[in-house]
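*Asks:* Sharing a structure below in structure tokens format, with a few things to ask.
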Amino acid sequence: MNYIIYDLEFNQKYLASDEAESNNASSLPFEIIQIGALKLNENFETISNFNALIKPTVYPNIHPYVESLTKINNDKVSSCKSFVAVYEDFLKFIDNDETILCVWGTGDIKELLRNIKFYNLSTSSISKLSIDVQKYASKYLNTPNKSKIGLKTAIELLNIQASGEFHDAFNDAYYTAEVFKHIYDDSIKPSIYEPNFHKRITQPKEKIDTVALINQFEKIYNRKMSEEEKSIIKLAYIMGKTRQFVDKVK
């Protein structure tokens, strides 16, 4: 059993012209531009490392915020492999061994699977077993109100030496591994992660056309409604939409 501890960096839409017209980019809000990972054995010894930048194709221009945060710019990724090629390399790194994915927050699992799905690639070599190190670190460090602790804060509180910049996928994977080794005990168990890519559908807000509503009543009764009647009509219409007085037929 090996542990694959990985981290991702993403690009996102900046300008309308950045979106490649040939892709259904709406199903890929975050495009992976770096994968960093370590493979640990059961004794938490590092077996191998993985670090690759990825040339974005859906959002080919690096968002200024992303560049500021990650220090990844267009020049750094212009000659890099595409996601499809890097994913193939990543699968070779994982190998066929039984593995558990370890991440700082389950978002990286969701976005990895989303990117894989976007390119119609196989997920058969991606373990469904995962450990959210952030969740266990937050519990270990007793964060207030069950809030989620940041990676940098966890590193500082655990007195782990920071030797590289944060928001670099490989560095963050390394820090996640160090936190994991520091807090690990038998209570930490892997769970099965089931992604949900479906967005919650929200209904658009509706505005009542009260003028048309009152006009309809005046047309029916062939007279002008008084101000009191107008208020009663508006209130009755709103109360009716709540369906609180609907008598269900048994």
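The values are calculated or read from the model by the stated rules, or taken from the named source; none is laboratory data. Just so it is clear, the model here is predicted, and its values are computed rather than measured. Note: ideal-geometry Cβ built from the backbone for every residue, glycine included; neighbour counts use all protein chains shown. All accessible areas refer to the heavy atoms of the entire protein, side chains included, with ligands and DNA or RNA removed. Shrake-Rupley method; radii C 1.70, N 1.55, O 1.52, S 1.80 Å.
*Asks:* Please work out which residue is modelled with the lowest pLDDT, limiting yourself to the range 137-163 and to residues that are closer than 25 Å to I33 by Cβ and in contact with an Asp or Glu (Cβ under 9 Å, 6 or more places away or on another chain).
*Replies:* This residue is A162.
*Asks:* Can you work out which of the residues in the range 98-107 that are hydrophobic (A, V, I, L, M, F, W, C) and not in a loop (DSSP other than H, G, I, E, B) is surrounded by the fewest Cβ atoms within 10 Å (Cβ to Cβ)?
*Replies:* I100
*Asks:* Give me a count of the residues in the range 113-132 that are open to solvent by less than 20 Å² (accessible area, probe 1.4 Å) and not in a helix (DSSP H, G or I).
*Replies:* Within the range 113-132, residues that are open to solvent by less than 20 Å² (accessible area, probe 1.4 Å) and not in a helix (DSSP H, G or I) number 3.
*Asks:* I've got another one for you. Evaluate the range 199-220: report whether one residue or more is assigned to a loop (DSSP other than H, G, I, E, B), over 44 Å from the mean Cα position of the chain (by Cα), at pLDDT 85 or above and surrounded by 10 or more Cβ atoms within 10 Å (Cβ to Cβ).
*Replies:* no
Table: residues versus (1) assigned to a strand (DSSP E or B); (2) surrounded by 13 or more Cβ atoms within 10 Å (Cβ to Cβ).
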position: N49; (1), (2): yes, yes
position: P56; (1), (2): no, yes
position: P60; (1), (2): no, yes
position: Y65; (1), (2): no, no
position: D75; (1), (2): no, no
position: S79; (1), (2): no, no
position: V86; (1), (2): no, yes
position: K92; (1), (2): no, no
position: N96; (1), (2): no, no
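*Asks:* Of all residues in the range 133-190 being among the acidic types (D, E) and not in a helix (DSSP H, G or I), which is surrounded by the most Cβ atoms within 10 Å (Cβ to Cβ)?
*Replies:* Only one residue fits best here, namely D168.
*Asks:* When you look at K110, is it within 16 Å of the chain's Cα centre (by Cα) and surrounded by 14 or more Cβ atoms within 10 Å (Cβ to Cβ), yes or no?
*Replies:* When the stated conditions are applied, K110 passes them.
*Asks:* Any idea which residue in the range 28-47 is farthest from the chain's Cα centre (by Cα), counting only those that are crowded, with 21+ Cβ neighbours inside 10 Å and charged (D, E, K, R)?
*Replies:* By that ranking, first place goes to K39.
*Asks:* I want to confirm something. Restricting to the range 221-250 and keeping residues that are modelled with pLDDT under 85 and basic (K, R), which single residue is least open to solvent (accessible area, probe 1.4 Å)?
*Replies:* If we take residues in the range 221-250 being modelled with pLDDT under 85 and basic (K, R), then K234 is least open to solvent (accessible area, probe 1.4 Å).
*Asks:* If a residue has to be aromatic (F, W, Y) and out of contact with any helix residue (DSSP H, G or I) (no Cβ under 7 Å at 6 or more places or on another chain) to count, how many in the range 49-72 make the cut?
*Replies:* The number of residues fulfilling the criteria is 1.
*Asks:* Let me ask something additional. Tell me which of these K39 doesn't satisfy, since it passes every other one: (1) under 22 Å from F93 (Cβ atoms); (2) at pLDDT below 95.
*Replies:* It fails just one condition, (2).
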